[in-house]
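Here is the structure we will look at.
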Amino acid sequence: MADAPGAGRDRVPLSAINHFAYCPRRCYLIHAEREFEENIHTLGGQLEHARADGAGHAVATGVRTEYAMPVWSDRLGLSGRCDAVEFHPDGSIYPVEYKHGPRKRWLNDDLQVAAQALCLEEMLGLTVAVGAIYHQASRRRREVPITAELRREVEVAAGAIHALLAMSALPPPTDQVQRCRECSLHDVCAPELVRATERLRAAGRTLFEPEEDGG
Ligand code: SF4
């Protein structure tokens, strides 16, 4: 049987899944080089998470909710906390991730919830069919079905993150330049400088390449 994506390696934080899906370079800077510049986006997120981070539980209409619940997966090499995990009377379990922005669909948020679901499944020996994202700004909740495709994407991302962190080499900036505008690590990363340097190198290679002998 093939090795599981994170088997035998240190666990990385669940948030790495979200960071990696946004930009592998961002993931490396945060988790290998420990850079974390605060901007309005990360600060807002941290404040909302801080509210959800108060561990404890509540029971309402038969649903028991555990806040800031530690979760992990040895198979995927992941660990972290779920903002909230709901235990329903019918036996179903929902991880709920709190987000500070308005209700939007981001694949990387879905991946993070799916990663939490896979951790809960491994810990509890149950199937988690659905998770949810709660958007604080709009006070709306969006359900995230934990599909076979999302599960596979989490497994691939977990494997890629472990490989990336083991490489000890900063990956290039993302091609999705619009993401850099809102990235909290923009000043540390300097993507424009890196891209300009790479363009210069490419131009240099073209200029100084020996011409092909046409015969
Ligand atoms: S600034 Fe752009 S390339 Fe750099 S870490 Fe952020 S998203 Fe990635």
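Numbers below:
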| item | result |
| --- | --- |
| Hey, residue 113 more than 16 Å from the ligand (Cβ to nearest atom), of a type in the set (A, V, I, L, M, F, W, C) and either surrounded by 14 or more Cβ atoms within 10 Å (Cβ to Cβ) or part of a strand (DSSP E or B) (or both) or not | yes |
| Checklist (1) at pLDDT 95 or above; (2) not in a strand (DSSP E or B) applied to residue 108, failing item | (1) |
| Among the candidates 198, 155, residue that is of a type in the set (D, E, K, R) and within 15 Å of the ligand (Cβ to nearest atom) | 198 |
| Top-ranked residue in region 125-146 [being without any contact (Cβ under 8 Å) to a residue 24 or more places away in the chain and assigned to a loop (DSSP other than H, G, I, E, B); ranked as surrounded by the most Cβ atoms within 10 Å (Cβ to Cβ)] | 127 |
| Within region 158-187, tally of residues that are within 8 Å of the ligand (Cβ to nearest atom) and among the hydrophobic types (A, V, I, L, M, F, W, C) | 4 |
| Residue 146 within 16 Å of the ligand (Cβ to nearest atom), within 23 Å of residue 75 (Cβ to Cβ) and within 18 Å of the chain's Cα centre (by Cα) | no |
| Within region 147-165, tally of residues that are surrounded by 11 or more Cβ atoms within 10 Å (Cβ to Cβ), without any contact (Cβ under 8 Å) to a residue 40 or more places away in the chain and assigned to a helix (DSSP H, G or I) | 3 |
| Failed criterion for residue 79 (all others in (1) more than 21 Å from residue 12 (Cα to Cα); (2) part of a strand (DSSP E or B) hold) | (1) |
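Matching residues to (1) modelled with pLDDT of 95 or more; (2) away from the ligand (no atom under 16 Å from the Cβ):
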residue	(1), (2)
34	no, no
47	no, yes
54	no, yes
95	yes, yes
104	no, yes
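The values are calculated or read from the model by the stated rules, or taken from the named source; none is laboratory data. The structure presented is a predicted model; accordingly, all values stated were derived computationally and were not measured. Quick reminder, even Gly has a Cβ in these numbers, built from the backbone with ideal geometry, and neighbours come from all protein chains shown.
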